[in-house]
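Just so it is clear, none of the values below were taken in a lab; they were calculated from the coordinates. The structure displayed is predicted, hence computed values, not measured ones. Every residue, glycine among them, receives a Cβ derived from its backbone with ideal geometry; neighbour counts consider all protein chains shown.
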Amino acid sequence: MSVIILDFKGQYCQLIARRVRELGVFSKILPGDATLEEIKAENPSAIILTGGPDSVYEQDAIHPDKDLFTLKIPMLGICYGAQLMSYMLGGVVQKADPSEAEYGKAVATYKDSPLFDGLESGVVWMSHMDYIDKLPEGFKPIATTKNCATAAIADENRKFYATQFHPEVNNTEHQKEIFKNFLFKIANITPDWNSDNFIDKAIEDIKSQIGDGYAILGLSGGVDSSVAAALVAKAIGERLTCIFVDHGLLRMNEAEEVEKVFKEKFNVKFIKVDAKDRFLSKLKGVTEPEKKRKIIGEEFIRVFEDAKKDCTNAKFLVQGTIYPDVVESGLKKGDVIKSHHNVGGLPEDVDFELVEPLRMLFKDEVRSAGKILGLPENMVMRHPFPGPGLAIRIIGEITEEKLDILRRVDKIYIDMLHEKNLYNEIWQAFAVLPDIKTVGVQGDRRTYSYMCALRAVRTKDAMTAESYPFTWEFLDEAQRRIINAVPEVNRVVYDITSKPPGTIEWE
Ligand code: XMP
């Protein structure tokens, strides 16, 4: 059983999809103007219309198929989706008087309705300029706020529900109950989506796509490509060849760990290409960040092409594309290779058929599938790591010496995060080695050594981020442990910059 989410370019679209899946129901996002045939092809048990920046009465506002409401499928419209439902069913939507537009928290009083079963009132998150002035026939108000007599409305006979507020955001109280009521009490859905049955289905799909053919996969050691590899390995075993390019810019023990896991646990062909010298010689003397990135991207392609010559029988290329990549690339059909992929650069003109087994999964679903497939915890819970690796965390020229220093600093810092149970609270953390030496004093002697920086961020999507508010004690202990263990470093700073204006990485 599944739910279709029609996306009207609302900022919380993916959040709605997550909320539904968290309750064990598969959800799929389609563009707001998907045709009726496209929607029917998914055989949805319910449809959710998202919010969006348009006003329903504007000429170029996105509207769904005009016959959407004849499908006899339970529907929940949220914000713009609520206004759209009212407008298309004959109600009147007006621009609110600026003094009455609602942004932020409001308290809703709920009436007796299946959508709010068990609830009397609660804080809700409002963000709208327009309001429903006249209800369509058959509708009645089921929630009110101080400024809005139609905070939620419903035609309970047709199972059409609409909320001006956003039940999907954390600022709304009882969000889980509201979605549960809609999915289970109104749409009568039986939850049947979980990582176990996803894995069985994905293995079946991979088997039927690849048949008795051969596939290759560029393994980066990151979560997505590792889980994709584990899944395809289960489906086709040693007909999968994983190519792992060690560009010499990885973290401590990373290459060895990836090799060990895939050689010992999975029945795949594993090619590790030791390309350290190739990369480091190309990067010699290079200090400009974009030039570093271009050299690494280009070299990666060359190394990968050389390695894949050993797999001439492979007709399939496995990619660890995940659902947010698909949604962010505009839900376009027939995407070939996404521009930002997790192995840091693959040929654009590869003559392969793509296999993307994680295409429908969110990151946390990928992680839980990885655990079930037997990947170690430290691999599936790992923070994101950029394709160019430590090259963009060493400011200035990259040398073996600096890589070695940075690896040791980073390990102490990351181990500390695990030790203090902070690792999973933080979206991404790492150390940086700026091209700076400073004067210090240790054991009564003058030192002139490197300064390192620590970075830790919280974010939802890496588009914006804020630095993690460590306690003073944590930072103090980190600086002591790093300076004591890494003699080449005599100063530690913590980067408190948010994004924007900074970026997460330093280069
Ligand atoms: P920035 O530094 O742009 O990074 O704020 C946002 C997120 O993207 C990661 N990142 C990359 N990932 N290849 C990748 O696979 C890259 O070239 C790359 N550059 C940045 C970064 O680590 C952060 O998670």
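Among 70, 172, a tally of other beta-carbon atoms within 10 Å of each Cβ gives an order, fewest to most, of 70, 172. Region 147-203 and region 407-455 have Cα centres spaced 45 Å apart. Note on region 390-434: Kirkwood radius taken over Cα pairs, Stokes-Einstein applied at 25 °C and 0.890 mPa s, translational D equal to 220 µm² s⁻¹. When +1 charges are put on Lys and Arg Cβ atoms and -1 charges on Asp and Glu Cβ atoms, the dipole computed for the chain relative to its Cα centre reaches about 820 debye.
The fraction of all Cα pairs in region 27-94 landing in successive 5 Å bins from 0 to the largest distance is 4, 16, 31, 28, 14, 6, 1, given as whole percents. In the chain, the longest principal axis of the Cα atoms and the axis of helix 289-308 are about 90 degrees apart.
Compactness of region 101-159, taken as the C-alpha radius of gyration over 2.2 N^0.38 Å, stands at 1.11. When only the Cβ of Lys, Arg, Asp and Glu is charged (+1, +1, -1, -1), the dipole of region 101-253 relative to its Cα centre reaches about 160 debye. Peptides 270-283, 434-447 ranked from most to least packed, by the mean per-residue count of other Cβ atoms within 10 Å: 270-283, 434-447. With Cα atoms defining each centre, region 53-131 and region 260-326 are spaced 48 Å apart in the structure. Nearest 500 deg cm²/dmol is fine: what mean residue ellipticity at 222 nm does the chain get from its DSSP H runs of n ≥ 4 alone, each adding -39,500 (n - 2.57), divided by its residue count? Calculated from helices alone, the mean residue ellipticity at 222 nm is -9500 deg cm²/dmol. Put simply, the convex hull of the Cα atoms in region 404-507 casts, on average, a shadow of 6.8 nm². In this simple spin-label approximation, residue 480 and residue 169 carry label points 7 Å from Cα along the Cα→Cβ vector, and these lie 4.3 nm apart. Considering only the Cα atoms of the chain, their convex hull presents on average a projected area of 26.7 nm². Using C-alpha pairs under 8 Å with a sequence gap of at least 6, the mean separation divided by the residue count of the chain gives a relative contact order of 10 percent.
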